[in-house]
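Beneath this line is the structure, given in structure tokens, with notes to follow.
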Amino acid sequence: MNFLTKHFTVAILLTILSGTLFSQELSVRAGLNLSNMVIKDDQETYSDDFNMNTGFHLGAAVNFPFSDVFSIETGLLLSTKGYKIKGENFTSKWNLMYLDIPLNAKASFELGDIKMYGLLGPYIG
């Protein structure tokens with residue numbers, strides 16, 4: 001198996017096996033991606049004409065709480081990323097599909113009736 005296949009398999013197994021735990025929370029994620037790219041070498045930047053590309057992300061996440069405040073969250077997201085080039089006589093758009101596997105530390109706080117949280121961590125894409 002290659003690198004991506006191994007990690008994808010591990011993420012799926014962790015998600016399925018976590019169903020036997022009673023304290024996890026499963027959520028569905030969907031949203032907007034705004035992406036662009038920078039292409040350059042040592043002397044020149046080639047991406048000055050690139051524009052932001054509109055895309056989406058969709059997937060599932062599992063939250064493993066350790067306390068009322070701290071938890072670990074992981075999941076699997078399908079994301080579109082890329083860029084657009086607009087010229088005088090043409091428009092070109094590059095859409096790239098990514099499978100992202102985030103691993104985030106999550107801190108949750110209650111402020112009256114409002115529950116706020118922050119996430120911090122890397123992802124494999």
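Things worth noting here:
- Helical content of the chain, expressed as a calculated mean residue ellipticity at 222 nm, amounts to -4000 deg cm²/dmol (DSSP H runs of 4 or more residues, -39,500 (n - 2.57) each, divided by residue number, nearest 500).
- Between 0 and 90°, nearest 10: helix 3-17 axis offset from the chain longest Cα axis: 30
- Surface accessible to a 1.4 Å probe, per residue, for the residues of the chain, Å²: 74
- A Förster radius of 30 Å combined with the Cβ-Cβ distance from Phe90 to Ala30 puts the calculated FRET efficiency at roughly 0.40.
- The convex hull around the C-alpha trace of the chain, projected and averaged over every direction, spans 11.7 square nanometres.
- Hydrodynamic radius (Kirkwood) for region 43-101, which is based on Cα pairs only, to one decimal in Å: 14.5
- Pairs of Lys residues in the chain, spaced 8 or more positions apart or belonging to different chains, with C-alpha separations under 22 angstrom: 7 in total.
The values are calculated or read from the model by the stated rules, or taken from the named source; none is laboratory data. Note that the structure is a prediction, hence the values are computed from the model and not measured. We place every Cβ from the backbone using ideal geometry, glycine too, and count neighbours over all the protein chains shown. Heavy atoms of the whole protein, side chains included, go into the accessibility calculation; ligands, DNA and RNA do not. Shrake-Rupley method; radii C 1.70, N 1.55, O 1.52, S 1.80 Å.
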